[in-house]
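S.K.: Dropping the structure in here first, questions after.
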């Protein structure tokens, strides 16, 4: 990334250092236990491929009998997850930050202000990642480039399994470790299948993200004004006559432009589909290969809904993570309703093109998606 005066808009190294410093330590395990956990997670990730492929009928084997999966599976610790996600942020935000750096070069003293701002932003990003790093069980990382420590597919993509977090949750829930680890791998393998079996999906999502970032108002005054309004709203100091308008909106929502909200609506629908599909597949495959799947699902749902405490719940709301939880729920209901009505092959029409993806409204009303995609395609009036 280009920089002005030797500084960048975000001090990425400081973000990694801050997050690594403040992240909670993982659960205590011996060296032998750690090696066994890593080996088992890798084994489950491999076995999950066949289970997910057979259930979804998305990624069929080629002439050699192999599925089209060329993305690596990486079992990482919390600092490893942090490094991978900083690399992903850096790649996705590169065009936006380059534009902001160009704007900064025209402002008197911009380089000095940018150096200070880059440090501040690096610390803020690091603190956010330190909070998230102890909560993520796994992640299909779509955009991050390969590095020496963190390989990725040629076009981007790698599957991360965060071993300490998986162990922490299985102990907290008091469930069978073997079953829980396989259950988690089924969910994450579904995400890998989605992106490897649907070649256009990655570019489509990246295009939407770049459109969202492209609509960012980089005028400092306008951005500060929206941040001020957001702070007033979150503090309860709403202008007269606007009570209740922003009750369910996070800080992320409150600093968006109208155009960004429209793009975010489309992205929310896609993410609801992907997360709900992964949950649906995980539970569909589960009874055949995970003996205690019912117990795991019940306990995990309670944990997911309740959060770890008041501070955790407040941060989740502020950062918009509650919306993430709704994506799982709403998306799973959409997939379940569509599969029940038109079968798995009928549902798989969703992967035909960006035009067959559900809208945010259709996620809530699966019958509308069926009417639009199936009845029109089948020549029904």
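S.K.: Does the range 108-116 contain at least one residue that is at pLDDT below 90 and either crowded, with 21+ Cβ neighbours inside 10 Å or within 18 Å of the chain's Cα centre (by Cα) (or both)?
M.R.: yes
S.K.: Name, by its number, the condition in (1) surrounded by 18 or more Cβ atoms within 10 Å (Cβ to Cβ); (2) out of contact with any strand residue (DSSP E or B) (no Cβ under 8 Å at 6 or more places or on another chain); (3) modelled with pLDDT under 90 that does not hold for residue 3.
M.R.: All conditions are met except number (1).
S.K.: Quick one: which of 189, 170 is without any contact (Cβ under 8 Å) to a residue 40 or more places away in the chain and buried (at least 17 other Cβ atoms within 10 Å of the Cβ)?
M.R.: Every option except 170 fails the conditions.
S.K.: Looking only at the range 124-183, count how many residues are closer than 20 Å to residue 279 by Cβ, within 18 Å of the chain's Cα centre (by Cα) and not in a helix (DSSP H, G or I).
M.R.: So the answer is 12.
S.K.: While we're here: Quick one: which helices (runs of 4 or more DSSP H) lie wholly within the range 207-310 and hold at least 1 residues that are exposed (fewer than 13 other Cβ atoms within 10 Å of the Cβ) and modelled with pLDDT under 55?
M.R.: Qualifying helices (runs of 4 or more DSSP H): 220-235.
The values are calculated or read from the model by the stated rules, or taken from the named source; none is laboratory data. Remember, it's a predicted structure, so these values are computed and weren't measured experimentally. Note that we place each Cβ from the backbone using ideal geometry, even for glycine, and neighbour counts take in every protein chain shown.
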